[in-house]
Every structure is written in C-alpha cells, then in structure tokens.
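Structure first, commentary second.
The values are calculated or read from the model by the stated rules, or taken from the named source; none is laboratory data. Bear in mind the structure is a predicted one, so any value in this text is a computation, not a measurement. Note: ideal-geometry Cβ built from the backbone for every residue, glycine included; neighbour counts use all protein chains shown. To get the accessible areas, we keep the full protein, side chains included, count just its heavy atoms, and leave off ligands, DNA and RNA. Shrake-Rupley method; radii C 1.70, N 1.55, O 1.52, S 1.80 Å.
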Amino acid sequence: QVQLVESGGGLVQAGGSLRLSCEASGIIFNINDMGWYRQAPGKQRELVAGITSGDSPNYADSVKGRFTISRGVAKNTGYLQMNSLKPEDTAVYYCSARITTSLQARLPVRYWGQGTQVTVSS
C-alpha cells in the first residue's frame, strides 16, 4: 500500500519562505512523476508545480521565479521550496504522484497526500 505524507506547512508573513516535503512509503517500483497542487477556500484545485521522472520541472505562471520543485535521488521524497510568499499563496497544498508498484503494472496509479495548510499574512 502506497502512502504520501506532506509536511512543512505553517503561518508566515508576506515575503517569507517555507519548504514543503512529500514522503512516499510502501511498495514502490517506480515514481513516474510528481507534483504539488493547492486549493484555496471556494477555489478550484490548481497545479502549482510538477516534475517528471527525468527531473524536468514546470510551474504555474503565478509562482514562476518564486517556487522550486525537486525530487530526492536516493529517497522517495519530493520538495517544494517557496520563497517570496504572497497572501494569495494561502491554500491547502497537496502532493501527488503517479506510481507503479511492480514491473507487471501496465499503467501507473495516481496517489494523493492529505494536504498541508499554508497561510501567508499581509
């Protein structure tokens, strides 16, 4: 059974920084790709940043130049470094990854973490 757990959220002032972590546990053969999503109250969930198995990143326009996504090489861990935070970054942040649990799997399955709250005060 695969499980994703986020950590690192909290309350910060505008201009501050936070580093989110996502740890995957269980039987994992391969992590195809992973990403960070966020959802603010009354808003639709949106992709913040994603990264492929080849370490190719992509970012939402609203966070380009401020956020950095990365994957641990020898560990099933992902990160989201968030700098120059703005009040509009306030949301619950979710880690998600497409994972295969064996060589026999034809398609990866997407897993989601429980989310971590990020609040940025003005």
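So here's what we get for this one:
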item	result
Cα-based Kirkwood hydrodynamic radius, region 61-122, one decimal, Å	14.0
For residue 86, solvent-accessible area (1.4 Å; no DNA, RNA or ligand), Å²	80
HN-Hα J in Hz across region 35-46 - Karplus 6.51, -1.76, 1.60, θ = phi - 60°, x for Gly and Pro	x, 10, 10, 9, 9, 8, x, x, 10, 7, 5, 10
Residues residue 25 and residue 52, FRET efficiency given R0 of 22 Å [Cβ-Cβ distance, rounded to 0.05]	0.55
Stretchable slack from residue 122 to residue 11, in nm (0.36 nm times residue separation minus alpha-carbon distance)	38.9 nm
Tail fraction, Cα-Cα pairs, the chain, threshold 25 Å, whole percent	21
17 Å reach of a label modelled at residue 2, 7 Å along Cα-to-Cβ, counting backbone N of region 45-82	50-55, 71-79
Rounded, prolate or oblate (a/c below 1.5 giving rounded, otherwise prolate when a/b exceeds b/c) for region 32-80 by Cα gyration tensor	prolate
Estimated FRET transfer efficiency when R0 is 35 angstrom, pair residue 104-residue 64 (beta carbons, to 0.05)	0.35
Region 45-89 versus region 94-122: alpha-carbon centroid distance in Å	13
HN-Hα J in Hz across region 77-91 - Karplus 6.51, -1.76, 1.60, θ = phi - 60°, x for Gly and Pro	9, x, 9, 9, 8, 10, 10, 6, 5, 10, x, 6, 7, 4, 4
